[in-house]
Structure formats: C-alpha cells, structure tokens
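Engineer: Just passing along the structure, written as structure tokens.
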Amino acid sequence: MDEVDSEALADVAYGIFDHLLSRRLQARGKYLFALVEGGIDFSEDVTETVVRFSDEYPQLAEALLARFGSADTIYRMLSLGEGVVPSKTTQMYWIVQDAPGSLPEAIEDEHAGKWLIFQEPDAADAAWKKVRDATVALDLGISAKVSTAKPNPDSRDSRRVIYIYTKDWADEPDVMRVRENLRGLGFTDRIGYKRNLETFAGEYAKKGKRVTYYSA
C-alpha cells in the first residue's frame with residue numbers, strides 16, 4: 001500500500017470512527033460538543049469505540065491507529081476541539097449536527113434544501129456554535145453543517161460556509177420560519193437558499209447565473 005492510499009484509507013477510517021462515536025454518545029443522550037465544552041471525561045467512550053471499530057473493521061482500524069497511534073491520542077485531539085470547533089478540526093471537511101429525531105440521511109433527500117451562511121474563518125467558530133445549539137434546540141431545521149480548517153480542494157475561497165437544512169424546499173412557511181430564527185441569532189444580512197435539486201444536478205452560482213431558490 002503506497003503513501004497516498006494509506007492516507008486516503010486513514011481518512012475513510014476516521015470518518016467511520018467519528019460516525020460510530022457519535023452514535024454511541026447520542027444513544028446515551030450525549031453530544032460530543034457538550035462533553036468537550038463542559039470538560040466532561042469521555043475517554044471510555046473513545047476507547048470502547050476504537051475496540052468495536054477494530055473488531056468490525058480491522059483493516060481500517062489499522063490505518064486509523066497508524067495515523068494516531070492510540071485511542072488516548074484520539075481522545076486528546078477530540079478534547080482540544082477536533083470535530084467540535086471548525087478552526088480546530090483538521091481530520092474532516094465538515095462538522096455535522098443533526099436535529100434530535102432527524103435521520104442523518106434526511107439531508108440527502110431531493111426535497112430538502114439549505115440556507116447558506118458564509119463566514120470569514122475568524123468568525124466561523126462563534127457563528128457555528130449559535131447554529132449548532134439552535135439546531136439541537138429544534139429552533140432551526142433538520143440538520144446543519146459547517147466547513148472546517150481541513151483544506152478542501154472543492155472550496156472556491158477561504159471562507160467557511162454553514163448549511164442549515166430544511167426538510168422540504170416547497171414548504172415555504174417552514175423555510176422562512178428558519179430564516180427568521182436565523183435573524184434572531186444575528187444573521188441579518190441577505191442569504192440564499194439552495195434546493196438539493198440544484199446541488200444534485202451540479203449547478204453552482206457563477207457570473208450571470210443564480211442557483212438560489214429563495215433569498216431573504
């Protein structure tokens with residue numbers, strides 16, 4: 001296995017590990033961000049997730065541990081903000097926060113869409129915290145996610161972007177309810193809403209062409 005393959009495999013491994021850890025925590029009524037920000041020890045959850053990961057995905061676990069060395073190293077990294085704070089997250093392109101009761105795959109439905117908020121890197125951490133907390137409180141949509149400090153070859157500039165998803169782009173009252181609540185969080189500048197239909201079709205904004213369905 002060459003170096004490129006090893007790095008790609010480690011990226012995949014960490015993504016699956018992150019998903020397993022999130023599921024484990026949420027099954028116990030916990031959120032990673034609450035544990036980290038509250039200074040609560042969750043090392044046992046990390047260790048047990050690594051053990052389960054090693055049992056179920058031995059090759060991927062080998063790649064994971066080749067990168068990080070041990071569960072303790074992963075725990076320390078998470079405790080410092082990996083997967084919680086956009087500016088401190090370098091292992092994944094996105095931090096995702098689903099609303100309670102929403103399935104992760106809901107944001108992939110063709111009926112879904114999202115408001116887009118662009119932020120300079122030094123403002124993104126605070127902005128994300130507002131959106132994340134409001135999503136968990138069921139004040140916004142079905143999910144939200146934010147781009148991170150991991151260099152993304154698909155990014156067109158250095159800004160971070162926050163997506164706030166709603167279940168159905170055609171449900172204008174709900175879409176605008178979410179927009180109004182975003183204003184209440186301080187996001188008062190005009191922003192756009194993009195349907196998954198355009199995203200799936202590979203349509204992106206460029207000079208002379210707008211792909212946002214709503215703007216408010």
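Engineer: Given the criterion closer than 19 Å to residue 38 by Cα and outside the structural domain of residue 61 (by TED's automatic domain parsing), identify the matching residue among 109, 98, 125.
Structural biologist: On the way: 109 fails: closer than 19 Å to residue 38 by Cα; 98 fails: closer than 19 Å to residue 38 by Cα.
Of the residues listed, the single one that is closer than 19 Å to residue 38 by Cα and outside the structural domain of residue 61 (by TED's automatic domain parsing) is 125.
Engineer: Restricting the search to region 173-214, which residues are modelled with pLDDT of 75 or more and of a type in the set (Lys, Arg)?
Structural biologist: Correct list: 177, 179, 183, 190, 194, 195.
Engineer: Does residue 76 meet the test of being surrounded by fewer than 16 Cβ atoms within 10 Å (Cβ to Cβ), assigned by TED's automatic domain parsing to the domain that holds residue 18, under 11 Å from residue 21 (Cα atoms) and basic (Lys, Arg)?
Structural biologist: no
Engineer: Just the residues that are hydrophobic (A, V, I, L, M, F, W, C) and more than 15 Å from residue 15 (Cα to Cα), please, taken from region 72-99.
Structural biologist: Matches in region 72-99: 80, 85, 99.
Condition check ((1) modelled with pLDDT of 95 or more; (2) buried (at least 17 other Cβ atoms within 10 Å of the Cβ); (3) among the hydrophobic types (A, V, I, L, M, F, W, C)) across all residues:
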site	(1), (2), (3)
6	no, no, no
17	yes, yes, yes
22	no, yes, no
35	yes, yes, yes
45	yes, yes, no
49	yes, yes, no
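Engineer: Now, a different point. Mind checking which strands (runs of 3 or more DSSP E) fall wholly inside region 89-161 and carry at least 1 residues that are over 15 Å from the mean Cα position of the chain (by Cα) and either surrounded by fewer than 21 Cβ atoms within 10 Å (Cβ to Cβ) or at pLDDT 95 or above (or both)?
Structural biologist: 113-119
Engineer: Continuing with this model, one more query. Criterion first (in a helix (DSSP H, G or I) and under 20 Å from the mean Cα position of the chain (by Cα)) does residue 35 satisfy it?
Structural biologist: So residue 35 fits the description; yes.
Engineer: A further question follows. Applying the selection to region 44-95, what residues are more than 21 Å from residue 33 (Cβ to Cβ) and charged (D, E, K, R)?
Structural biologist: Result: 52, 55, 56, 62, 67.
Engineer: To continue, here is another question. Read through the list (1) buried (at least 17 other Cβ atoms within 10 Å of the Cβ); (2) outside any loop (DSSP other than H, G, I, E, B); (3) in contact with a Ser or Thr (Cβ under 7 Å, 6 or more places away or on another chain), then give the number of the only condition that residue 174 fails.
Structural biologist: Single failed check for residue 174: (1).
The values are calculated or read from the model by the stated rules, or taken from the named source; none is laboratory data. No experiment lies behind these values; they were computed from the predicted model shown. All Cβ positions, even for glycine, are placed from backbone atoms using ideal geometry, and neighbour counts span all protein chains on display.
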